[in-house]
Structure formats: structure tokens, C-alpha cells
Amino acid sequence: MEPAVREKPRLLPALWDAAIAAGIAFLLFCLVLGVRTVDGVYGLTLQPRPVLLAVVVGIVFFGRLALNLFWWDRDWRFPPLPFFSRTAKDAKDRAPRDIYRVGLVLIGFAAVFPLLGLVLNKVFGANLPLLYLIDLSILVLTYVMLGWGLNIVVGLAGLLDLGYVAFYAVGAYTFAILATTFGWSFWMCLPLAGILAAFWGIVLGFPVLRLRGDYLAIVTLAFGEIIRIVIQNWTELTGGPNGISNIPEPSFFGLEFAFRGDNTFHQFFGLPYDAIYGSIWLYYIILVMALITNAVTLRLRRLPIGRAWEALREDEIACRSLGMNTTTTKLSAFATGALFGGFAGSFFAARQSFISPESFTFIESAIILSIVVLGGMGSQLGVAIAAVVMIGGFEALRHTDSLQLVFGTGFDPTLYRMLFFGLAMVAIMVWRPRGLVSTRQPTVTLNKDAGSISKDLVSEGSG
Amino acid sequence: MEYFLQQLINGIALGSIYGLIAIGYTMVYGIIGMINFAHGDVFMVGAFIALISFLGLMAVGVTFVPLALILVLVVAMLLTSAWGWTIERVAYRPLRSSFRLAPLITAIGMSIALQNFMQVAQGARVKPLQPVITGRFEMFAGDNFAVTLSNIQILIVVTTIVLMAVFWLIIDRTSLGRSLRACEQDRMMAALCGVNVDRTISLTFVMGAALAAVAGLLYLLYYGVIDFFIGFIVGIKAFTAAVLGGIGSLPGAMLGGLIIGLIETFWSAYFTIEYKDVAAFSMLALVLIFFPSGLLGRPEVEKV
């Protein structure tokens with residue numbers, strides 16, 4: 001039997017379709033991109049940019065044409081990626097052990113990475129930009145921890161929280177105020193910060209207990225904004241917009257990482273001073289804190305409270321009719337999520353040694369939530385991968401010097417970072433609505449052969 | 001007393017703008033049940049389009065202000081509608097059958113993208129516009145305080161009332177309005193009865209964006225200054241207004257907008273201006289505790 005002859009793509013409809021798309025693009029961009037407002041002597045003046053407009057419209061036209069001709073009726077598919085399978089069958093074939101193994105390998109790599117880099121640099125004379133890499137990893141790990149913390153609220157309990165950054169801020173300011181006012185150390189303040197954040201979680205939880213779905217979302221969002229506005233304006237306590245500076249770094253069993261002092265790390269061990277030791281110590285602190293978050297989450301899922309969260313996510317009415325106390329269940333989810341947010345916050349304050357309300361805007365909440373959702377809600381590995389992709393990719397845009405060759409030296413890629421970030425959120429979501437790792441191990445299965453839940457069954461409740 | 005009246009007037013003008021934006025939120029929520037987080041930024045885009053087209057008209061010699069304003073209104077509504085349509089088509093339609101959080105995330109992504117697009121395209125600095133509509137009535141003078149009603153405030157309130165009337169007619173009397181209400185009640189059933197659901201949803205976004213464009217123009221004329229970030233805080237407050245009034249309810253959106261505008265104005269006038277947003281948001285939390293489905297919203301009946 002002869003292979004079926006593929007019908008040639010029809011050029012004319014494709015051209016027509018592309019022309020329509022280009023026309024819409026022209027409508028969209030003709031004023032906001034085609035004309036630039038410039039400050040003049042007598043107020044604003046306009047400066048037309050027809051070339052830029054033509055280029056953008058042209059890109060839309062040819063892009064749409066290419067999609068029409070070569071992409072949408074293509075007869076080949078990408079081979080499925082090993083850990084990002086789409087179908088239920090793939091998910092069944094993949095043993096839960098595999099995800100566990102991948103997780104272990106990643107944790108192992110994360111555990112040895114800074115030491116390995118240090119050895120390579122110091123002993124073998126490699127010239128890795130280690131300080132930068134470790135700083136970036138600390139940033140990513142902070143978001144991994146925040147993502148795992150929020151995952152308890154959103155992924156497990158199914159409560160949509162748009163104000164998670166409030167707890168992050170409470171933790172950061174608790175440590176910063178205690179440390180700069182009373183001189184308390186990081187390790188003393190850490191539990192306090194967590195407890196205080198959890199307390200705020202309960203305070204927020206009470207009024208929203210009766211709310212459902214999107215009402216809950218908007219109240220949590222409002223709560224996040226309220227906390228930020230209060231921090232911004234309560235100048236006596238928080239320093240207002242100026243923030244708090246000179247926050248001490250966590251010490252290494254009483255040893256400081258400062259260049260000079262009575263009790264410094266490098267003098268104690270007889271090493272030459274290097275800023276890298278402090279960074280590596282911070283790296284391990286956040287790694288351990290993130291892993292504790294993960295371990296606690298995984299354990300909680302097996303306890304009655306974790307089961308109650310997941311049941312609540314799937315069906316609140318069923319929970320009530322089975323006699324579950326939804327009040328304590330919801331409050332405990334909020335409090336636990338907030339606890340880890342508070343821990344991460346005080347780590348953030350210690351690492352930055354300066355905090356201001358600027359760091360706790362809604363955009364942070366949005367980034368953390370998008371990490372949770374893009375990671376596939378409820379999947380611990382997915383959250384970690386999404387954090388690496390979003391934050392790491394976001395940082396990578398800083399170093400796009402090659403783009404300057406294309407767009408000229410006036411091109412400043414940092415301006416476009418948030419633009420790409422937003423578009424990437426849209427693109428990833430449209431491409432994989434269920435998140436990067438779209439399967440999740442069921443917490444309880446009736447028989448042992450059930451395998452993992454396919455993406456079609458992982459639905460989030462009305463919570 | 002005079003001071004109170006003055007603040008009442010200011011609050012109503014501000015509340016009308018919030019109300020116009022809130023309608024966009026409430027309609028989209030009513031029909032597809034999602035928070036269109038990018039709507040505040042559509043409002044911002046509308047304000048920018050209004051600013052640029054106004055400057056453009058001035059530059060080509062249309063200096064008769066009423067004519068220029070009408071042209072700006074038409075241009076802004078048309079082009080902003082195109083934005084609303086495109087956002088729905090690109091970011092929400094592919095996720096229509098997906099789970100509830102998916103379109104919310106794309107909406108947040110869209111909001112970030114729109115803000116930063118505008119920052120890149122038009123610069124981060126604030127864009128001032130010299131007062132276009134000047135003049136004010138002195139209604140009556142008290143002991144040492146005169147209550148004034150400026151022309152722009154009259155324009156805002158009149159425009160809002162006219163648009164609300166037109167809008168109510170569209171929803172209540174036209175076939176488009178009928179299909180819109182049908183989709184709101186049951187999308188599947190509406191589709192089975194021959195309503196083009198995709199088209200109706202697109203038109204919802206178009207209408208919401210057009211109203212946001214009007215709000216953007218009014219905001220530009222009222223405050224005389226815009227920047228790429230105005231969409232965020234105004235958007236949140238408009239959404240708060242929609243929730244306060246009962247999301248899905250059009251009169252509720254308008255009522256919520258007025259209440260939020262009044263709370264904000266009175267709080268700034270009598271207490272501290274720094275905490276006006278806190279007052280508005282706390283009010284939201286309080287109202288939701290006692291009326292979980294908003295002031296004019298229908299209580300949701302949960303069926304198992």
C-alpha cells in the first residue's frame with residue numbers, strides 16, 4: 001500500500017489568514033508602539049516609529065503564515081519527553097519510583113554543587129563564576145521553598161491564595177526588627193518569625209473561612225496589599241519606604257563571615273578571606289530549610305490532616321457531610337503555609353541584609369503562585385522544576401549580550417525581562433495547562449496496581 | 001457640611017470610573033467564571049491610546065475640543081476592544097475547558113506582559129496632559145468653603161450614566177444581550193439552542209474593553225497624568241468593587257464602584273490618605289463576612 005500523499009497546504013487561505021492577523025496586529029500596535037510620547041518643552045510630543053511598527057506587523061504576518069503552512073497541519077510530533085509525559089498511559093508506565101529517583105538525584109546534585117565548585121576553583125584552578133552561581137541558586141531555592149509552602153495552601157488544600165507574600169513579609173520584618181532592635185541572632189528569630197507568620201495566617205483565615213473560590217482570592221490579595229501598605233506607612237517600626245538595613249547574616253555556630261572581627265570564620269579555620277564561604281553557608285541553610293518544607297509536606301500528606309486537606313480540595317460538601325471540621329482544616333492549611341512563608345521571609349532578610357516594602361509587592365505573590373501552578377499543582381518535583389525554569393530563565397535574560405548583536409547596542413535586555421516573564425507564563429500555561437509535571441501520586445489507592453493519577457483526574461475542587 | 005458635600009461629589013466621580021471598569025470584570029466573571037486579571041491593564045492601555053490619539057489629533061490640527069474628544073473616544077474604544085478581543089483569543093480561549101486556575105495564571109501573565117510592554121514601548125516616566133476640560137461651577141459657598149462642581153466631574157458622571165443606560169439596553173433588549181444572559185446561565189444549553197458561545201464570549205471581552213477604554217479616557221482627563229502602572233491598583237479596586245456589589249451583577253458593579261470611590265474619598269478627607277486603600281480593602285473583607293455573595297449578588301446554590 002502506498003503511503004498517503006499529503007495534501008499540499010493551500011496557500012491562498014493561509015495568506016488571507018495571515019493578512020487578517022497582521023491587520024489585527026496593526027490595530028493593536030499602531031498607536032501604542034507606532035508612536036512614542038516624548039517629553040517636550042510644551043508637554044508631551046509625539047514621535048512616529050513607522051519602521052518598528054512595520055517590523056512588528058511583518059513578524060506577525062510571516063509568523064502566522066509559517067504557522068499556517070508548516071505547523072498546524074504537520075504530520076509529525078515531538079517524541080514525548082521522559083518525565084513530562086502527556087497521556088495517562090505514559091503515566092501508568094512510569095513507576096512512582098522514577099519521580100522519587102529523579103528527586104533524589106536532584107537533591108544529591110544540589111547538596112554537592114557548591115563544594116564541588118569550590119574544589120574545582122580552589123584546587124584545580126577552574127575559573128567558574130561561583131559566587132554568582134551560588135547567589136542565583138540561593139534565589140532559586142528561596143522560591144522553591146516558597147513554592148512548596150504555598151503548595152500546601154493551593155496545591156493540597158485547594159485554597160487560592162493571592163496574598164502569600166504577606167507572610168513572607170511578616171517573617172522578614174519580624175527577623176529584621178528583632179535583630180536590629182534587640183540584637184537577636186538569626187537562629188533565635190527564625191522560629192519566632194515562623195510562628196508569627198502562622199499566627200497571621202490564622203488571622204487571615206478567620207474572615208475568609210466562609211468565602212469560596214474567587215472571593216477568597218480577592219480577599220487574600222487585599223490582605224497582602226494591606227500588609228504592604230501598613231509596612232510602608234508605619235515608619236516608626238518598619239522604617240517606611242526606606243526599609244531596614246544592616247540586618248545581620250546568620251552565623252556559623254557563632255562564627256561570623258565578616259572580613260574582620262573577633263570571631264570570624266576564615267580566621268578560625270586559618271583560611272584566606274573569601275566572600276564565597278558566607279554564600280555557601282547561606283546556600284546550605286536555604287537548601288536544608290527547603291528540604292524540611294518538602295519533608296514536612298510529604299509527611300503531612302500521609303497524616304489525617306493532610307488527607308483532610310486533599311479531601312477538602314476535591315469536594316468541600318462531601319467533607320462536611322462526612323463530619324469533617326472544615327474550619328480547622330482550612331485554618332491549619334493557612335497556618336502551615338504561612339509558617340514556611342515566614343521562615344523563607346526571615347532567611348530572605350538575613351541574606352539581603354536590607355529589606356524594604358518594594359520586595360513584597362503583589363508581583364511576588366503572582367510569581368510564587370505561577371510557580372506552583374506551572375509546576376502542576378500538588379507535585380513537589382514540578383514546583384522545584386518550575387522554580388528553576390522561571391527564576392533561572394528570568395535571570396538568564398540578564399546575560400543576553402548576544403541579543404545586542406541582533407538589536408544593536410542600544411538594546412537593553414533587562415528592560416524586557418518582565419515582558420518575557422509575563423509572556424512565558426501565558427505560553428507555558430497554554431502549552432501545558434496542567435503544569436510541567438502533570439501527574440501526581442495518589443495519596444491513597446484502593447488497590448496497589450492503580451498507579452498514578454492521570455492528568456485528567458487531577459482536578460482541583462471548588463474550595 | 002460643605003466639606004462633606006464636596007467629598008461626596010469627588011467620591012461619586014471617582015466611583016463612576018471604578019464602576020465602568022468593574023463592569024468589565026463582572027461581565028467576564030458572569031459568563032466564564034474567571035477573574036480577568038488583565039482587565040486593569042486593558043484600562044491602562046485604553047488610557048494610553050486615548051492620550052496618544054488626543055495628542056495626535058492636536059498635532060494634525062483638530063483643536064476643537066469636543067470634536068477631538070469624541071474622536072478620541074471612538075478611537076480608544078475601537079483599539080482597546082481589539083486588545084480585549086486579542087487577549088481573550090490568545091490567552092483564555094485555549095484554556096476554556098481547562099481547570100479553573102489555568103486562565104487565572106495566564107491572566108496574571110498577561111497583566112505583567114501588558115504593563116511591561118507599555119513600559120518598554122512608551123517609557124517608564126509618567127505622562128502628563130495639560131488640563132483639557134477646565135471650568136467649574138460654584139454651587140454654593142459656606143462660611144469659608146465653597147462647594148464646586150467641575151465640568152470634568154459632570155462629564156464623568158453624565159458619560160457613566162449614558163453608557164450604563166446604553167449598556168443596560170444592550171443587555172436587556174438586543175439579541176446579543178439575550179445570548180449573553182443565556183451563556184451566563186448555562187453555556188452548554190445555550191450552545192445547543194444555537195447561540196454562538198465563542199462569539200458571545202468574545203463580544204463580552206470587547207464590550208468590557210470598550211468600557212475600560214472610556215474609563216481610561218475619563219481617568220486621563222480627570223487626573224491629567226497616567227503611567228504604565230495605573231492599571232494594577234485601579235484594577236484591583238475595580239475588582240473589589242465588582243465583588244463588593246456581587247460579582248456577575250451589573251448594577252452591583254456600579255454600586256460597588258460608587259461605594260469604593262466614596263470610602264476612598266471620605267477616608268482620605270477625614271482620616272489619612274496613606275491608608276485609603278486599606279480602608280477600601282477592609283470594607284471588602286467586612287462586607288464579604290456578612291454578605292458572602294456581595295451586596296446584590298445572587299447566593300450561589302451548591303448542588304451535589
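The values are calculated or read from the model by the stated rules, or taken from the named source; none is laboratory data. What you are looking at is a predicted structure, and each value in this text was computed from that prediction instead of being measured. Neighbour counts are summed over all protein chains in view; Cβ atoms, including those assigned to glycine, are modelled from backbone coordinates with ideal geometry.
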>> Against the definition (assigned to a helix (DSSP H, G or I), touching a residue at least 24 places away in the same chain (Cβ under 8 Å), of a type outside the set (Asp, Glu) and more than 14 Å from chain B (Cβ to nearest Cβ)), how does A:Leu139 come out, yes or no?
In response: yes
> Do any residues in the stretch A:1-23 that are within 15 Å of A:Phe70 (Cα to Cα) have Cβ atoms under 7 Å from those of residues that are among the aromatic types (Phe, Trp, Tyr) and at pLDDT 55 or above, where the two are at least six apart or on different chains, and which pairs are they?
Replying inline: A:Ala18/A:Phe61
>> Would you confirm whether or not the stretch B:51-69 contains a residue that is surrounded by 18 or more Cβ atoms within 10 Å (Cβ to Cβ), under 15 Å from A:Leu27 (Cα atoms) and at the interface with another protein chain (Cβ under 8 Å from one of its Cβ atoms)?
In response: yes
>> Checking A:Ile218 against (1) within 23 Å of A:Ala349 (Cβ to Cβ); (2) under 21 Å from the mean Cα position of the chain (by Cα), only one condition comes out false. Which one?
In response: (1)
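Has the stretch B:94-101 got any residue that is among the hydroxyl-bearing types (Ser, Thr, Tyr) and more than 27 Å from B:Leu73 (Cα to Cα)? Talk me through it step by step, then tell me what you get.
Restricting attention to the stretch B:94-101, the residues satisfying the condition of being among the hydroxyl-bearing types (Ser, Thr, Tyr) are B:97-98.
Cutting the leftovers down to more than 27 Å from B:Leu73 (Cα to Cα) gives us B:97-98.
So far as the stretch B:94-101 goes, yes, one or more of its residues are among the hydroxyl-bearing types (Ser, Thr, Tyr) and more than 27 Å from B:Leu73 (Cα to Cα).
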> Does the stretch B:4-22 contain at least one residue that is outside any helix (DSSP H, G or I), at pLDDT below 90 and not small (Gly, Ala, Ser)?
Replying inline: no
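Residue-wise test of (1) within 29 Å of B:Ala91 (Cα to Cα); (2) in contact with a Lys or Arg (Cβ under 6 Å, 6 or more places away or on another chain); (3) surrounded by 11 or more Cβ atoms within 10 Å (Cβ to Cβ).
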residue: B:Ser150; (1), (2), (3): no, yes, yes
residue: B:Ala165; (1), (2), (3): no, no, no
residue: B:Ile170; (1), (2), (3): yes, no, yes
residue: B:Thr174; (1), (2), (3): yes, no, yes
residue: B:Ala182; (1), (2), (3): yes, no, yes
residue: B:Leu192; (1), (2), (3): yes, no, no
residue: B:Val197; (1), (2), (3): yes, yes, yes
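Going by the structure shown, is A:Asp75 modelled with pLDDT under 75, more than 14 Å from chain B (Cβ to nearest Cβ) and more than 24 Å from A:Val383 (Cα to Cα)?
So A:Asp75 fits the description; yes.
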>> So if I check each of B:Ser268, B:Ser202, B:Ser293, which one is closer than 22 Å to B:Ile154 by Cβ, within 14 Å of chain A (Cβ to nearest Cβ) and of a type in the set (S, T, N, Q)?
In response: B:Ser268
>> Filter the stretch A:7-48 down to the residues that are part of a helix (DSSP H, G or I) and of a type in the set (D, E, K, R) and list them by number.
In response: A:Asp17
> Looking at (1) surrounded by 22 or more Cβ atoms within 10 Å (Cβ to Cβ); (2) in contact with a Pro (Cβ under 8 Å, 6 or more places away or on another chain), which is the only condition A:Leu130 fails?
Replying inline: (1)
>> Among the numbered criteria (1) more than 28 Å from A:Ala386 (Cβ to Cβ); (2) at the interface with another protein chain (Cβ under 7 Å from one of its Cβ atoms); (3) surrounded by fewer than 18 Cβ atoms within 10 Å (Cβ to Cβ), which one does B:Leu79 miss?
In response: (3)
> Looking at the stretch B:244-259, is at least one residue part of a loop (DSSP other than H, G, I, E, B), more than 10 Å from chain A (Cβ to nearest Cβ) and closer than 24 Å to B:Gln6 by Cβ?
Replying inline: no
> Would you say B:Phe37 is within 19 Å of A:Ser370 (Cα to Cα) and crowded, with 24+ Cβ neighbours inside 10 Å?
Replying inline: yes
